[in-house]
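Asks: The structure follows.
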Amino acid sequence: MERTLCSACNAAILSSEAVFCHKCGARIEAAVEQINSQPPQTASCAPDLGVNANNEKEEGKKEINDSENAAVTGGVSKKSVSPPEWSFRNFWLEFQRNYYRVPFTASVVIMLAALAYAFSPIDFVSGAPLISWIDDALILACASLNLLHCGVDISKHSENVTFQRIKLMMIPLSIVVIFFMWFCVNIVLILFHKQA
């Protein structure tokens, strides 16, 4: 089996169907050439007399029976199309496929909540005025980054990958910094209360 390499970073491409490199996000030339070299598929005029013809006849009979049953039951067919069952796994996979994009309305709500938190007198890190501004700034930065990501078109792969990587670094780092500041401020306040 021939391995395809990315022309930009020389990383091995994991899937033969990949159009973009998983490591650097560059367009893979071999995949694009392969897609462009394939002839367009057209419908065949000659019928296939094999198994497919028999399956089509059976499916046609089922459709006729379903339409007859729908007429008898008042327009409601036995086949009901139900949406796929919601699960956290499906949600997470779709979220990853979309470069960790949050919908626009949710991003606006997150930004408004961050603004309300920044201007409210309630702070997660309280007791140290300058340090409490840092957590406000970090929360506003994460919310604005999330809102800016919504403005990028989903078809622009490299921009979306850049936003994805920045979000994956900035949001966990901000959470760690805020909890560390909260811990340090509380330790200092406890030590000062013991001395007094």
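The values are calculated or read from the model by the stated rules, or taken from the named source; none is laboratory data. No experiment lies behind these values; they were computed from the predicted model shown. Positions of Cβ are generated from backbone atoms using ideal geometry, with glycine treated the same way; all protein chains shown enter the neighbour counts.
Asks: Which condition breaks for ILE175 when tested against (1) farther than 30 Å from ILE28 by Cα; (2) under 19 Å from the mean Cα position of the chain (by Cα)?
Replies: ILE175 satisfies all of (1) farther than 30 Å from ILE28 by Cα; (2) under 19 Å from the mean Cα position of the chain (by Cα) except (2).
Asks: Right, next: I need a count of the residues in the range 93-111 that are in a helix (DSSP H, G or I) and either among the aliphatic types (A, V, I, L, M) or at pLDDT below 90 (or both).
Replies: 10
Asks: Given the structure, is PHE104 crowded, with 16+ Cβ neighbours inside 10 Å, more than 30 Å from ASN186 (Cβ to Cβ) and either touching a residue at least 60 places away in the same chain (Cβ under 8 Å) or assigned by TED's automatic domain parsing to the domain that holds CYS184 (or both)?
Replies: no
Asks: If we keep just the residues of the range 112-134 that are surrounded by 16 or more Cβ atoms within 10 Å (Cβ to Cβ) and at pLDDT 90 or above, which is farthest from ARG101 (Cα to Cα)?
Replies: TYR117
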